[in-house]
1. Dividing the convex hull volume of the Cα atoms of segment 1-134 by its residue count, what figure in Å³ per residue is obtained?
2. Only sites in a loop by DSSP and with at most 15 other Cβ atoms within 10 Å count here; which GluC sites (Glu not before Pro) in segment 23-112 make the cut?
3. In whole Å and largest first, what semi-axes does the C-alpha gyration tensor of segment 88-136 yield when each eigenvalue is scaled by 5 and square-rooted?
4. Measuring from centroid to centroid over Cα atoms, what is the spacing of segment 1-68 and segment 81-152 in Å?
5. Would you kindly derive the ³J(HN,Hα) couplings of segment 58-64 from the backbone phi angles with the Karplus curve 6.51 cos²θ - 1.76 cosθ + 1.60 (θ = phi - 60°), listing them in order in whole Hz, with x for Gly and Pro?
6. When a footprinting reagent is the concern and you count Cβ atoms within 10 Å, what order do Lys181, Lys190 take, fewest first?
7. Compute the angle between helix 185-198 and the longest alpha-carbon principal axis of the chain, please, reported from 0 to 90 degrees and rounded to the nearest 10.
8. For Ala143 and Arg17, what is the calculated FRET efficiency with R₀ set at 25 Å and r taken between the beta-carbons, to the nearest 0.05?
Amino acid sequence: MQTGALAAEDVRALNGRLHALPADTNQRAWRVINPRGAHAVAVGLTQELEVVVDGHVGYYCAGMNEAAHVEIRGHCGWGVGENMMSGMVRVAGNASQSAGASGHGGMLVIEGDAGHRCGISMKGIDIVVGGSIGAFSAFMAQAGNLVVCGDAGENLGDSLYEADIYVRGAVASLGADCVEKEMTAADREKVAALLARAGIAADAAAFRRYGSARTLYNFHVDHADSY
């Protein structure tokens, strides 16, 4: 296992080493120690690397991830896994706001709680949260799945397109055009598979499903106050 110590080198140097690895490298297991809340750790990875960050990180950790498996053994600031394309990002603690923002694919797992706007503008990513999420989560979400084992804050799914939201706990309020939908057998199977992949134990039958009412797809004067 290769080690990067952020007490001895800066984030730019560490990310540079990860980006410079050749396609046939055998240095695929990395451990980052002493992150000290640094921002943009392990961003833009495009190979099947295993990167473990031992400690807390700041903004945009593992952003734009593609193929890599990044595990944060601590808490993280806003924008973790933003715009990720594939791979897996796991947060062992809590995440600040905008977790998984604009994510196109892959899976983001937050074992603790997530702040406001979790999954904002998600475009195909799967997000599984072991705890609760804040207000305006899945705002303008276009595709993908958000699974929440705890509660959801206000205005869940505001201006939602076609993503699916599954919540086990209470929902403070639904945003514009977000409605509760039938939880079918296929939905329960999907949630069970996502939970299993995320390594989080929960009963898929206890979740409720929320999605788009599709009333805001085209302008209509009766809905003018909602746009």
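1. Values: hull volume 9.9 nm³, N = 134.
Cα convex hull per residue, to the nearest whole number: 74 Å³.
2. Those satisfying the criteria are Glu48.
3. Working: eigenvalues 46, 33, 9 Å².
Working through the eigenvalues yields semi-axes of 15, 13, 7 Å.
4. 21
5. The phi angles translate into x, 6, 6, 4, 6, x, 6 Hz.
6. Working: Lys181 15, Lys190 18.
So the residues, fewest neighbours to most, are Lys181, Lys190.
7. That helix lies at roughly 20 degrees to the long axis.
8. Details: r = 34 Å, r/R0 = 1.35.
About 0.15, to the nearest 0.05.
The numbers here are math on the coordinates, done by the rules we state, and not lab data. Everything numeric in this text was worked out from a predicted model, so none of it was measured. Here Cβ is always computed from backbone atoms with ideal geometry, including for glycine, and neighbour counts include all displayed protein chains.
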